[in-house]
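Below: one structure, written as structure tokens.
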Amino acid sequence: MENKKLIVFHIPKWYPNRYDSLLGIFVKRHILSTIPDTVPVVIHVMASQGSEHWYEVEESIEDGIQTYRSYYKKNITYINALDKLVKLVLYFWLVVKLYRLAKRTIGKPNVIQAHILLRTAVAARMIQVFDGVPYVLLEHASVFIRTEVKAFNALTLRIAKYVVKKAAGVITVSECLAKGMREQYGLQNQSYQVIYNCVNTEVFREKEVLPQRTIKELLYVAEFDNSSKNITGLLEAVASLYGKRKDFRLSVVGYGKDESLLLELSKKRNILNTVVFFKGKLSSEDVAATIKHSDALLMFSNFETLSCIITESLCCGTPVISTAVGGIVEIVNPENGLLVPKADQLAMQSAIEKLLDHQVTFDKHTISEHARALFSNQAVGEKLVSVYKQVSVC
């Protein structure tokens with residue numbers, strides 16, 4: 001096994017697709033980090049937003065990943081209860097169909113990785129039963145650290161406990177996520193391990209020294225989902241601070257369902273295109289360039305398992321001002337940023353002012369060096385491959 005590449009089949013709940021090129025991009029980044037030590041194969045089944053066929057099957061090679069996708073019809077019988085049952089059966093049938101197709105083409109996998117509960121792990125358990133391939137679970141979902149929503153009902157919780165227990169191991173992207181799974185939901189497994197999200201440090205690499213400037217450049221990057229990201233709260237904090245001083249500006253990068261809400265609030269508070277500038281959706285390279293040009297990244301989330309943009313910012317050497325929620329408290333510390341209580345606009349304003357007034361200073365090289373050791377493709381990939389080797393079959 002030492003010199004032979006492991007064949008790893010991945011079954012993700014979320015993955016980039018024809019409708020959304022960024023959905024589950026963090027899953028793809030994890031998979032990419034294991035190349036060239038593995039032969040990765042993705043099996044992704046999802047509902048189609050427009051297909052008239054019961055299902056479609058696509059095969060492709062994307063960034064070195066052999067990818068098998070199937071899209072099934074969103075509305076089959078147009079009877080909601082019946083549709084749920086039909087689509088559930090169809091999902092598992094398609095996963096097995098793609099598994100067999102991939103196995104004929106690539107070979108029998110050494111291990112299967114299911115990304116995000118629940119169907120993916122059930123499918124992996126089915127394959128283990130009929131083909132003897134062990135599986136590991138990699139969990140990202142923030143639902144396990146939130147108290148206002150429930151991840152499962154009574155039946156699905158029993159199923160979740162079963163498939164988690166039968167997994168050869170469970171990987172989470174933060175310690176708080178592992179704790180939530182074990183303590184809030186009783187999802188027990190003999191081997192839990194934390195492996196953070198990975199960052200392409202060829203793109204998100206240490207920045208050059210910023211020039212001296214009187215206007216500080218602040219940055220916000222994320223999906224425009226206000227319920228989770230509390231972007232309106234951040235904009236209100238920025239608006240209040242702008243009423244006191246004019247020595248900063250905020251670039252807002254992203255897109256999403258709440259874009260009109262954010263634009264309307266910015267206009268109402270007279271901060272649009274004066275201190276707040278919406279940049280839209282940017283490529284990874286442009287996001288990296290914007291981070292490197294910024295004095296600090298701002299995040300005001302209500303909850304996070306582990307923010308990808310924070311890890312990218314730290315790899316660039318740019319400090320972070322964020323709410324102390326979820327896995328963020330595990331990676332942001334006095335050496336690389338400032339933490340504030342959730343939803344506390346005054347605390348966010350105060351933290352920004354500390355940065356503007358040079359009451360706190362940060363060393364970009366120290367930030368970047370420590371971040372690379374935790375989040376680089378090499379660091380994360382080595383840990384993932386180590387797990388595969390421990391549990392795989394020849």
TODO: Working carefully through the options VAL170, VAL164, VAL136, VAL129, find the one that is in the same structural domain as VAL41 (by TED's automatic domain parsing), over 19 Å from TYR196 (Cα atoms), at pLDDT 95 or above and crowded, with 16+ Cβ neighbours inside 10 Å.
DONE: VAL164
TODO: Starting from residues that are under 24 Å from the mean Cα position of the chain (by Cα) and of a type in the set (S, T, N, Q), keep the ones in the range 127-148 and report whichever is farthest from SER301 (Cα to Cα).
DONE: THR147
Open item on the list: Could you go through the range 226-237 and let me know if any residue there is in contact (Cβ under 8 Å) with a residue 40 or more places away in the chain, outside any helix (DSSP H, G or I) and closer than 19 Å to HIS293 by Cα.
Closed with: no
Open item on the list: Condition first: surrounded by 16 or more Cβ atoms within 10 Å (Cβ to Cβ), in a helix (DSSP H, G or I) and in contact with a helix residue (DSSP H, G or I) (Cβ under 7 Å, 6 or more places away or on another chain). Now tell me which residues in the range 238-261 satisfy that.
Closed with: LEU241
Open item on the list: Exactly one condition in (1) under 22 Å from SER142 (Cβ atoms); (2) charged (D, E, K, R); (3) not in a loop (DSSP other than H, G, I, E, B) is false for LYS354; which is it?
Closed with: (1)
TODO: Filter the range 1-33 down to residues that are in a loop (DSSP other than H, G, I, E, B) and in contact with a Gly (Cβ under 7 Å, 6 or more places away or on another chain) and give me whichever is surrounded by the most Cβ atoms within 10 Å (Cβ to Cβ).
DONE: TYR15
- [ ] Would you mention how many residues in the range 335-349 are under 16 Å from SER313 (Cβ atoms) and of a type outside the set (A, V, I, L, M)?
- [x] 3
- [ ] Within the range 121-157, work out how many residues are in contact with a Phe, Trp or Tyr (Cβ under 7 Å, 6 or more places away or on another chain), aliphatic (A, V, I, L, M) and more than 18 Å from LYS13 (Cα to Cα).
- [x] 1
Open item on the list: From the list LEU265, LEU272, LEU338, exactly one residue is assigned by TED's automatic domain parsing to the domain that holds VAL360, in contact with a Leu (Cβ under 8 Å, 6 or more places away or on another chain) and surrounded by 22 or more Cβ atoms within 10 Å (Cβ to Cβ). Which is it?
Closed with: LEU338
Task: Filter result (crowded, with 20+ Cβ neighbours inside 10 Å and of a type in the set (S, T, N, Q)) within the range 100-126 - done: ASN110, GLN113, THR120
- [ ] With the checklist (1) out of contact with any Lys or Arg (no Cβ under 6 Å at 6 or more places or on another chain); (2) buried (at least 18 other Cβ atoms within 10 Å of the Cβ) in hand, flag the one item HIS358 doesn't pass.
- [x] (2)
Task: Residue within the range 69-86 that is at pLDDT 95 or above and of a type in the set (Val, Ile, Thr) present - done: no
Task: VAL149 vs. criteria closer than 21 Å to LEU306 by Cα and either surrounded by fewer than 16 Cβ atoms within 10 Å (Cβ to Cβ) or not assigned by TED's automatic domain parsing to the domain that holds LEU32 (or both) - done: yes
- [ ] Identify the residue in the range 61-91 that is within 23 Å of the chain's Cα centre (by Cα) and either among the polar types (S, T, N, Q) or not assigned by TED's automatic domain parsing to the domain that holds VAL42 (or both) and, among all such residues, is farthest from VAL122 (Cα to Cα).
- [x] GLN66
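The values are calculated or read from the model by the stated rules, or taken from the named source; none is laboratory data. Note that the structure is a prediction, hence the values are computed from the model and not measured. Neighbour counts are summed over all protein chains in view; Cβ atoms, including those assigned to glycine, are modelled from backbone coordinates with ideal geometry.
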